[in-house]
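The values are calculated or read from the model by the stated rules, or taken from the named source; none is laboratory data. This one's a predicted model, so the numbers in the text were calculated from it and none came from an experiment. Here the Cβ is made from the backbone with ideal geometry for all residues, glycine too, and neighbour counts use every protein chain on show. Protein only, heavy atoms only, side chains kept; ligands, DNA and RNA dropped before computing areas. Shrake-Rupley method; radii C 1.70, N 1.55, O 1.52, S 1.80 Å.
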Amino acid sequence: MKTLNVAVIGFGSVGRGVLKVLAEHKGIYGDVEFKVVAICDSKGAVMDKKGLDVENVLKQKSNGDLKRVNKTSIEVINECDYDILVEVTPTDATTGEPGLTYITEALKRGKNVVTSNKGPVALKYKALCDLAKKNNALFLFEATVGGAMPMFNLMRMPLAGNKVTNIMGIFNGTCNYILTRMANEELPYDMVLSEAKELGIAEADPTYDVEGIDTALKVVILANAVFGMDVSLKDVDRVGISSISLESLKLASEAGMVIKLIGEVKPNGEERVLKVSPRLVPKNHPLAVQGTLNAAMIQTKLAGDIFVIGKGAGSVETASAILSDMLYIASIK
Ligand SMILES: NC(=O)c1ccc[n+]([C@@H]2O[C@H](COP(=O)([O-])OP(=O)(O)OC[C@H]3O[C@@H](n4cnc5c(N)ncnc54)[C@H](OP(=O)(O)O)[C@@H]3O)[C@@H](O)[C@H]2O)c1
């Protein structure tokens, strides 16, 4: 049995998902055992170098009586004995913090890092990969694009040897939910948005989602990680969904189309495309997915067009992507 110590930084929806999934499996996957030795939230840390009783810690967190020790996340990252840092703190698209510092410090120590946090990957992809390489560590971020949908792992192995020529898709479930309900039920944008907020599908401040910033971050991550570009948010042509009218959705429908918020990355020189915009998609096209689903079309030289459809968010769904990265690390470390 190969045992890998895991430190989890961030104990919100995704952190809890990862820990719940690990607890259900007692951390054991075939001949690999993940032992959770530290968990941090914004208020402190719980630690046990022999391995935490994760189920009990989850209960304590939900009851609000987590028995924290007097350590900050950065102290845990710099002092604790772990093999994989699971970094799942909130995304900040402007500074990348606090995740950027956490990931940097862990990589400096030669620790492997798995993150679902788009900020550090979109802002500092190359620097973080270089740091990981220099310190013989792995830096993986499957969960940052498309939640549960396999993207990077799919391109790394099943599509290995293929030249990817274009990626386009629906990478924001909130926008897709709003557009789907507007189209299917002929409801105006403002009404669907308020309902989405009530249901917890949209944030209280939905700007990140509806103005296409979240999708643009994913476009940047794909551009840099898949196509080796060196681009940032300002390089993406971006239009959100806030000015889509019911009238335009109706006209699209009469023509056999739906309107979707599409992110697209195409690398080729002068024809380079980096954009997020509402676009017409035929109703019977695989990208015309409904509700909060995400979908991606990966165009390749050998395999042709590959489609992936799945849940772009959610606690255990995102944990699925994180777990796949952890198991990849276990397979080669
Ligand atoms: N939710 C999804 O479905 C999903 C899907 C894909 C990617 N993501 C990304 O995954 C990340 C986590 O998302 P989430 O939904 O789990 O967020 P969340 O529910 O807001 O949880 C964030 C966690 O980070 C902790 N935290 C905040 N500031 C911190 C700091 N300075 N140091 C240490 N911990 C800190 C919070 O502590 P407290 O508990 O004390 O508040 C909380 O436990 C985000 O970057 C998000 O964009 C989320």
Considering only protein heavy atoms and a 1.4 Å probe, what is the carbon-and-sulfur percentage of the accessible area of the range 180-333? 51 percent
For the full complex of protein chains and a 1.4 angstrom probe, list ASP92, ASP230 by accessible area with the highest value first. ASP230, ASP92
With label points set 7 Å from each Cα along the Cα-to-Cβ direction at LEU327 and LEU199, the distance between them in nm comes to 3.1 nm
Name the most mobile residue of ILE262, ILE201, ILE77, meaning the one with the largest mean-square fluctuation, in a Gaussian network model of the chain with Cα contacts below 10 Å. ILE201
Zone of ASP48's modelled label, taken as backbone nitrogen in the range 11-27 under 18 Å from a point 7 Å along Cα→Cβ: 16, 19-27
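Report for the chain the percent antiparallel among DSSP-assigned beta bridges with both residues inside it, nearest 5.
Just about 60 percent of them are antiparallel.
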Relative to the longest principal axis of the chain, what angle (0 to 90°, nearest 10) does the C-alpha long axis of helix 189-198 take? 20 degrees
Amide proton proximity set for LYS35, modelled H, under 5 Å, gap of 5+: LEU4, ASN5, VAL6
With the convex hull built on the Cα atoms of the range 136-242, state its orientation-averaged projected area in nm². 8.7 nm²
Efficiency of FRET from Cβ geometry, LEU246 and ASN136, R₀ 35 Å, rounded to 0.05: 0.05
Helix-only estimate, please: 222 nm mean residue ellipticity of the chain, summing -39500 (n - 2.57) across DSSP H runs of length 4 or more and dividing by its residues, to the nearest 500. -12000 deg cm²/dmol
Relative to the first principal axis of the alpha-carbon coordinates of the chain, what is the inclination of helix 213-227, with its axis defined by its Cα atoms, in degrees from 0 to 90 and to the nearest 10? 70 degrees
Loop GluC sites (Glu not before Pro), the range 215-314 (other Cβ atoms within 10 Å of the site Cβ: 10 or fewer; DSSP): none
Select from MET257, MET157, MET297 the residue whose mean-square fluctuation is largest in a Gaussian network model of the chain (Cα-Cα springs shorter than 10 Å). MET157
Given charges at Cβ of Lys, Arg, Asp, Glu: the range 1-146 dipole, positive-most of VAL32, VAL54, PRO120: PRO120
About its Cα centre, what dipole magnitude does the chain give when the only charges are +1 on Lys and Arg Cβ and -1 on Asp and Glu Cβ, stated in debye to the nearest 20? 960 debye
In whole Hz and in residue order, list the ³J(HN,Hα) couplings for the range 38-53 that follow from phi through the Karplus curve 6.51 cos²θ - 1.76 cosθ + 1.60, θ = phi - 60°; x for Gly and Pro. 7, 9, 10, 10, 5, 9, x, 9, 10, 9, 7, 5, 7, x, 6, 7
Output wanted: per-residue J couplings in Hz (rounded whole) for the range 322-330, from phi through Karplus 6.51 cos²θ - 1.76 cosθ + 1.60, θ = phi - 60°, x for Gly and Pro. 5, 4, 4, 5, 5, 6, 5, 4, 4
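Can you bin the range 182-285 into rounded, prolate or oblate? Criterion: square roots of the alpha carbon gyration tensor eigenvalues sorted a ≥ b ≥ c, rounded for a/c under 1.5, prolate for a/b above b/c, oblate for the rest. Intermediate results must be reported in sequence, preceding the final value.
On the way: a/c = 2.80, a/b = 1.49, b/c = 1.88.
Oblate shape, in that a/c is at least 1.5 and b/c is the bigger or equal ratio.
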Quick check: the angle from helix 13-24's long axis to the longest principal axis of the chain, C-alpha only, nearest 10 degrees? 60 degrees
Quick check on my link table: of LYS26/LYS133; LYS49/LYS126; LYS218/LYS260; LYS124/LYS301; LYS35/LYS126, which ones sit more than 21 Å apart, alpha carbon to alpha carbon? LYS26/LYS133; LYS49/LYS126; LYS124/LYS301; LYS35/LYS126
From the Cα centre of the range 257-313 to that of the range 61-83, the distance in Å is 40 Å
Extension gain CYS129-ASP237, at 0.36 nm per residue separation less the Cα-Cα distance, in nm? 36.3 nm
Using θ = phi - 60° and Karplus 6.51 cos²θ - 1.76 cosθ + 1.60, couplings along the range 202-209 (whole Hz; Gly, Pro as x): 10, 6, 4, 9, x, 3, 3, 7
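Among rounded, prolate and oblate, which fits the chain when a ≥ b ≥ c are the square roots of the eigenvalues of its C-alpha gyration tensor, a/c under 1.5 means rounded, and a/b larger than b/c means prolate? List each step's numbers first, then the result.
Details: a/c = 2.00, a/b = 1.52, b/c = 1.32.
Prolate shape, in that a/c is at least 1.5 and a/b is the bigger ratio.
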Result for the range 174-239: accessible area per residue, probe 1.4 angstrom, in square angstrom, of 45 Å²
